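Structure first, then comments.
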Amino acid sequence: MNPRKIAAAAVAAAAAAGSALLGAAYGIYRISFYHKPSPEVPAPGDMKSRLAYRDAMDADAAVLDNAPYEEVHLIAQDGTDLFGRYYHHRDGAPVVLIFHGYTGYAQRDGLGGYTLCRKLGYNVLLPDQRAHGHSGGHTITMGAKEQYDAQGWANWAAERFGLDTPLFLMGVSMGAATVMLASGLPLPSSVKGIVADCGYTSAKEITRKCLPDYLPHTPVGLAYAVGRLGARLYGHFEPNRIDCTAAVSRAAVPILFIHGEEDGFVPCEMSRKNYDACASRKQLLTIPGAAHAVCYYRDTPLYTRVTTKFFEDCLQG
């Protein structure tokens, strides 16, 4: 066979393989990380994972949805416009910044935390994470960029309210990952504690755990490698660097880890691993029977008692 034809065929085959790889990487990026922001917020009863707690959530959602708030904006380090809602309950009270989860909603993932804080008389900031709600962007980075957004919101709150006003960071699911990652960053001295509710250990571990649900017939290792390429090329972030366990090993702020023992999405063992690695003062609360992101509603009295005591202990120093 003509050597030139062999070389041409090899080049064509390589080009076809490269195109197929890039196409697959883009496909996984679109499935896993691309998210078009939408300001529409569903009723709790329309969210399948919340049906068991519909009555309590509907009542709390009615209060939150009718509460007055101030629209606030922040420009992220990369220029993304971030949006938040500030709810003022009492002058001089602590401010709790509550971060929602992956493809979630600030007013729903943060509903339990908001309700608890409102009853305590604490003020609340509910940011829309990038690529969600009224915030800009179209890529969910699993905490890679969100951690710096949380740091930015903490700096905004410290400047707005002064360093004498205590701040707490609180997050649910990917929001918990966001605040755990932020715990390893320089934070204002007014940040007194962090609550991480059902957070994962790393983007790599949670992605590999979830990929079989989205790509059931593809080997996990191959799917992750191609998805990682998609994240780097099209999302401009490196999943392997998103490590909550490593971040909390550098934390100086007290952290309360909370997790449902029946969480089928983010395994409870992930919070145990994060708790074991945490370098700061720490506490672990697991809720029997609780699935993903519903710990507050599964056992409201226990969640309220433990979290309130954690806040009080942090305020006392």
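Data overview
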{"quantity": "Accessible heavy-atom area order of Y87, Y26, highest first, probe of 1.4 Å", "calculated": "Y26, Y87"}
{"quantity": "By average C-beta atoms within 10 angstrom, highest first, the peptides 283-290, 113-120", "calculated": "113-120, 283-290"}
{"quantity": "Region 211-268 - Rg over Rh from alpha carbon coordinates, Kirkwood radius", "calculated": "1.07"}
{"quantity": "Dipole of region 63-203 [Lys/Arg +1, Asp/Glu -1 at C-beta], most positive-end residue of S135, P94, W156", "calculated": "P94"}
{"quantity": "Cα convex hull volume per residue for region 126-256 (Å³)", "calculated": "106 Å³"}
{"quantity": "Distance from region 226-300 to region 78-151 (C-alpha centre basis), Å", "calculated": "17 Å"}
{"quantity": "Sequence-distant residues sharing a close amide H with G193 (under 5 Å, placed H)", "calculated": "L169"}
{"quantity": "Charge tally in the Cβ shell below 15 Å around L22, where Lys, Arg are +1 and Asp, Glu are -1, L22 excluded", "calculated": "+3"}
{"quantity": "Probe 1.4 Å - accessible area at V191, Å² to nearest ten", "calculated": "10 Å²"}
{"quantity": "Long-range tail of P(r) for region 72-150 (Cα pairs > 17 Å, %)", "calculated": "42 percent"}
{"quantity": "Packing-based order for 231-237, 73-79, using average beta carbon neighbours within 10 Å, highest first", "calculated": "231-237, 73-79"}
{"quantity": "Sequence ranges 166-177, 146-157, ranked by mean other-Cβ count within 10 angstrom, highest first", "calculated": "166-177, 146-157"}
{"quantity": "Paired Rg and Dmax values of region 104-157, which use every Cα atom, in angstrom", "calculated": "12.2, 35"}
{"quantity": "Isotropically averaged projected area of the chain, using the convex hull of Cα atoms (one quarter of hull area), nm²", "calculated": "17.9 nm²"}
{"quantity": "Accessible surface of region 179-229 [probe 1.4 Å, protein heavy atoms]: carbon and sulfur percent", "calculated": "59 percent"}
{"quantity": "Region 181-317: translational diffusion in µm²/s, Stokes-Einstein, Kirkwood Rh over Cα pairs, 37 °C, 0.692 mPa s", "calculated": "203 µm²/s"}
{"quantity": "Viscosity 1.567 mPa s, 4 °C: Kirkwood-radius Stokes-Einstein D of region 183-229 over Cα pairs, µm²/s", "calculated": "98 µm²/s"}
{"quantity": "Binned Cα-Cα distances of region 31-176, short to long, each 10 Å bin given as a whole percent", "calculated": "12, 44, 35, 10, 0"}
{"quantity": "Size of charge dipole - the chain - debye, nearest 20, with Cβ of Lys, Arg +1 and Asp, Glu -1, no other charges", "calculated": "1020 debye"}
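The values are calculated or read from the model by the stated rules, or taken from the named source; none is laboratory data. Bear in mind the structure is a predicted one, so any value in this text is a computation, not a measurement. Because the Cβ atoms are built from the backbone with ideal geometry, glycine has one as well, and the counts that use them run over all protein chains shown. Side chains included, ligands, DNA and RNA excluded: accessible areas come from the protein's heavy atoms. Shrake-Rupley method; radii C 1.70, N 1.55, O 1.52, S 1.80 Å.
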